[in-house]
Amino acid sequence: MGLQAVIGCDGVHSVVAQWLGLAAPRGTGRSAIRGLGFFPDGHGYEMAIQQFISTGDLAPDFPPEFKEVVRRSDLSTLSWVTLHFRSPWSVLVCPARRGCVTVAGDAFHPMTPDLGQGGGIALEDAVVLARCLARAGSARETEEGMAQYVAARRWRAAAVIMASFFSGFVQQASGGPLTRLVKLI
Ligand SMILES: Cc1cc2nc3c(=O)[nH]c(=O)nc-3n(C[C@H](O)[C@H](O)[C@H](O)COP(=O)(O)OP(=O)(O)OC[C@H]3O[C@@H](n4cnc5c(N)ncnc54)[C@H](O)[C@@H]3O)c2cc1C
């Protein structure tokens with residue numbers, strides 16, 4: 001029988017992470033709505049991220065580009081998610097591998113989207129995990145490779161979770177600073 005391994009890439013509410021005993025993701029009290037605006041003839045906008053910040057109204061003063069993107073959004077593409085993250089402390093100490101079972105991407109280290117890095121970090125996981133498992137020829141070597149992968153990824157993931165959280169912390173004013181710090185840890 002060939003080597004067997006399980007890599008849980010099942011997102012923020014991962015059942016594999018639960019099975020491994022990772023701490024449950026924490027809610028931020030924030031949510032995000034995403035959608036796709038369709039511009040069949042091209043949008044002509046500069047290729048740059050733009051951020052518009054407002055509180056508690058329907059953004060009447062936002063620039064026309066913003067309103068045009070919203071107007072062109074197809075309702076069928078809209079999605080709403082509550083934002084979760086795993087505490088960086090628990091990512092540093094969690095049992096992210098048991099035997100030949102591990103997790104990657106949001107299943108391992110969900111983070112707030114304030115830096116837009118969650119998907120990038122998930123791809124990094126894939127590269128590092130592939131390198132660590134490339135020469136595994138036995139169950140023991142697979143376990144060792146996964147252990148190397150977890151050790152290599154913990155600090156990087158915890159650092160980006162923190163950076164993302166603090167980026168959101170600066171951008172969003174609600175909640176006192178101490179409240180938010182306690183939430184992070
Ligand atoms: C609002 C918002 C904006 C973001 N912006 C960016 C950005 O600009 N750049 C960036 O890099 N990242 C961004 N991210 C983060 C990015 O979306 C995630 O980090 C990335 O999708 C994680 O990929 P993943 O494959 O680990 O998990 P997911 O994309 O969540 O994929 C998990 C998959 O597993 C499946 N699944 C779940 N449970 C089971 C099960 N029991 N059995 C079988 N399948 C299952 C799900 O259906 C899903 O297809 C953003 C996130 C949010 C919420």
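The values are calculated or read from the model by the stated rules, or taken from the named source; none is laboratory data. No experiment lies behind these values; they were computed from the predicted model shown. All Cβ positions, glycine included, derive from the backbone under ideal geometry; neighbour counts span all protein chains shown.
Some points to look at:
- All told, residue 56 meets the bar of being modelled with pLDDT under 85, in a loop (DSSP other than H, G, I, E, B), out of contact with any Lys or Arg (no Cβ under 7 Å at 6 or more places or on another chain) and not aliphatic (A, V, I, L, M).
- Every pair of residues 6+ apart whose Cβ atoms lie under 9 Å, when the first sits in region 53-82 and is more than 17 Å from residue 35 (Cβ to Cβ) while the second is of a type in the set (Phe, Trp, Tyr): 54/62; 63/52
- Any hit, region 115-137, residues being farther than 18 Å from residue 11 by Cβ and near the ligand (Cβ under 9 Å from one of its atoms): yes
- Scope region 1-53; condition under 16 Å from the mean Cα position of the chain (by Cα), part of a loop (DSSP other than H, G, I, E, B) and not β-branched (Val, Ile, Thr); matching residues: 9, 10, 11, 13, 14, 22, 23, 24, 25
- Residue check for residue 36: under 30 Å from residue 108 (Cβ atoms) and of a type in the set (A, V, I, L, M, F, W, C): yes
- Look at region 130-145: where a residue is more than 14 Å from residue 7 (Cα to Cα) and free of Cβ contacts under 8 Å to residues at least 24 places away in the same chain and a partner is among the acidic types (Asp, Glu) and surrounded by 13 or more Cβ atoms within 10 Å (Cβ to Cβ), sitting 6+ places away or on another chain with Cβ atoms under 9 Å, you get 135/141.
- All of (1) out of contact with any Ser or Thr (no Cβ under 8 Å at 6 or more places or on another chain); (2) part of a loop (DSSP other than H, G, I, E, B); (3) touching a residue at least 12 places away in the same chain (Cβ under 8 Å); (4) more than 9 Å from the ligand (Cβ to nearest atom) hold for residue 110 with one exception: (4).
- Number of residues in region 65-93 that are within 16 Å of the ligand (Cβ to nearest atom), hydrophobic (A, V, I, L, M, F, W, C) and not in a strand (DSSP E or B) equals 4.
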